[in-house]
Amino acid sequence: MKISTSLKLSNKLVLTVSLKQQLKLLTLNKLELKEAIQNELQENPFLEEKVYLEPDYEPEDLSKNPYEDNSWIWERKVQQKPSLIQILENQINIEFDGLDKQIALEILSNLNEKGLLDEPVYSIAKKLKISQDDVERVREKLKKLEPVGIGSISIQESLIAQYEELFGKNELVAKIIQQDIYNVNNKEYIQKKYSLSEDKYDELLCNLKTLKPYPTFGLGSDETIYIEPDVFLVEDENGYKVELNEWEIPKLKLVGHYRRLLNKKDLSEETRKFLENKLQIAIGIVKGIEQRRENIKKVVGFLAKYQKDFLEKGIEFIKPLTLKDVAKHVDLHESTISRIVSNKYVLTPRGVLPLKSFFSSKLSTSSGEDVSTHKVKKIIQEIINSEDKTKPLSDEAISKLLFKNYKIRIARRTVAKYREELGIPGSRQRKLR
């Protein structure tokens, strides 16, 4: 037998403590960020809050409309706090039409304080005289609104929805959440049962720790939950100026004194590891806050510019836009964009909107131009409104009209799907006798 040695090179992504901290900060909204910083200030010897002797703003008239000029102050801005129900109703008005909107609002009226659905699906179906499949279809779409997981039936379902939103669909992770979410900290048990390497387990645990235990977690404990915007869009002569809501968020700096402790020769190994870990976390937080600020401003600035018509004229003017499109324009990874827009809200001239409201799925015209599904539904609605009610148009006829008049090529079954989502009956039911 011949014994030999060989050298094998392989690429391996190892997330440092500092990098993990930076990625986690991207997913946090304003209130969660404030809480995370305050907790770390209490526990981390390397972090200290900056103290300013004088305020960096001048008082002004709080009775002014915030869109009358560019001189907002933080106290005036943070008064713009709609309730969670109002935010959800706004999203439903944007994302749903017709019967689907009615179903979504009914689900909304049956949520508990955690954002989970209290009423059985069959009861909602019976009340609205529709199939359970219709309720389930709308509920699945509702779970993708902000906060993600809203309308879930269980904690596990909510966690799976959040995981898919941030990290993509993963059947193994879904299985672990469903069967062993309460055992996930038992490293040996989870690794053995699901055949996970140490790296895969660490990645799983890191990702799961970024999720909320339930949809409304961190949004307040009052009977009425209010949403505080993470970003403000201030209209000026050049379009929109982006400002982050950093009111009451502590400003941090690294403390140099504890660095010297790491160089002490008589330091125990346990203490050294503790301090090194805390130092990495502190560096990650300081870097992460700055990176978070820059990336949010970059992404929101692009969204405001690209969807200017949507902000000024309404949902029918929203342009097709995906995470991939934004990533290409702002030179960030698609997963980074997903983390930035998830669970965050922006105050606009149209009110407080989730950042995800700026995105819309798209179809292509024969000329190669993209058009949003919202726009296609609007056109279908207009075609049906103007039809001869004694000879209503079939879905096939509408499909042909869309191509002939608007160069939009979609199949008859797609027309039927959009028509049903608008709550419009088929041609036979629309015919006047």
**Report entry** Flag for residue 311 being touching a residue at least 24 places away in the same chain (Cβ under 8 Å), over 20 Å from the mean Cα position of the chain (by Cα) and either surrounded by 15 or more Cβ atoms within 10 Å (Cβ to Cβ) or not in a loop (DSSP other than H, G, I, E, B) (or both)
**Finding:** no
Report summary line: Contact list, first residue from segment 127-143 and closer than 17 Å to residue 115 by Cα, second anywhere and assigned to a loop (DSSP other than H, G, I, E, B), beta-carbon distance below 7 Å, six or more apart or interchain, is 139/151; 142/150; 142/151; 143/149; 143/150; 143/151; 143/152
Query raised in the report: Would a scan of segment 400-409 turn up a residue that is within 31 Å of the chain's Cα centre (by Cα) and either part of a helix (DSSP H, G or I) or not hydrophobic (A, V, I, L, M, F, W, C) (or both)?
Result: yes
Query raised in the report: Could you list, in sequence order, the residues of segment 174-231 that are among the polar types (S, T, N, Q) and within 25 Å of the chain's Cα centre (by Cα)?
Result: 178, 207, 210, 216, 221, 224
Report task. Return yes when residue 152 is among the small types (Gly, Ala, Ser), part of a helix (DSSP H, G or I) and either assigned by TED's automatic domain parsing to the domain that holds residue 106 or surrounded by fewer than 20 Cβ atoms within 10 Å (Cβ to Cβ) (or both) and no when it is not. Result -> no
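Quick grid of which residues meet (1) under 17 Å from residue 145 (Cβ atoms); (2) out of contact with any helix residue (DSSP H, G or I) (no Cβ under 9 Å at 6 or more places or on another chain); (3) crowded, with 16+ Cβ neighbours inside 10 Å; (4) modelled with pLDDT of 85 or more:
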position	(1), (2), (3), (4)
337	no, no, yes, yes
342	yes, no, yes, yes
365	no, no, no, no
368	no, yes, no, no
374	yes, no, yes, no
392	no, no, yes, yes
398	no, no, yes, yes
401	no, no, yes, yes
Query - Failed item in (1) surrounded by 15 or more Cβ atoms within 10 Å (Cβ to Cβ); (2) assigned to a loop (DSSP other than H, G, I, E, B), with residue 202 passing the rest - result: (2)
Query raised in the report: For segment 172-211, what are the residues that are free of Cβ contacts under 8 Å to residues at least 12 places away in the same chain and either in contact with a His (Cβ under 8 Å, 6 or more places away or on another chain) or over 22 Å from residue 25 (Cα atoms) (or both)?
Result: 179, 182, 183, 186, 188, 189, 191, 192, 195, 196, 197, 198
Query - Residues of segment 183-199 classified as farther than 18 Å from residue 159 by Cβ and loosely packed, with under 13 Cβ neighbours inside 10 Å, total - result: 7
Query raised in the report: Would you pick out the residues in segment 344-355 that are modelled with pLDDT under 90 and not in a strand (DSSP E or B)?
Result: 349, 350
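The values are calculated or read from the model by the stated rules, or taken from the named source; none is laboratory data. Because the structure is a prediction, the values reported are computed rather than measured. Every residue, glycine among them, receives a Cβ derived from its backbone with ideal geometry; neighbour counts consider all protein chains shown.
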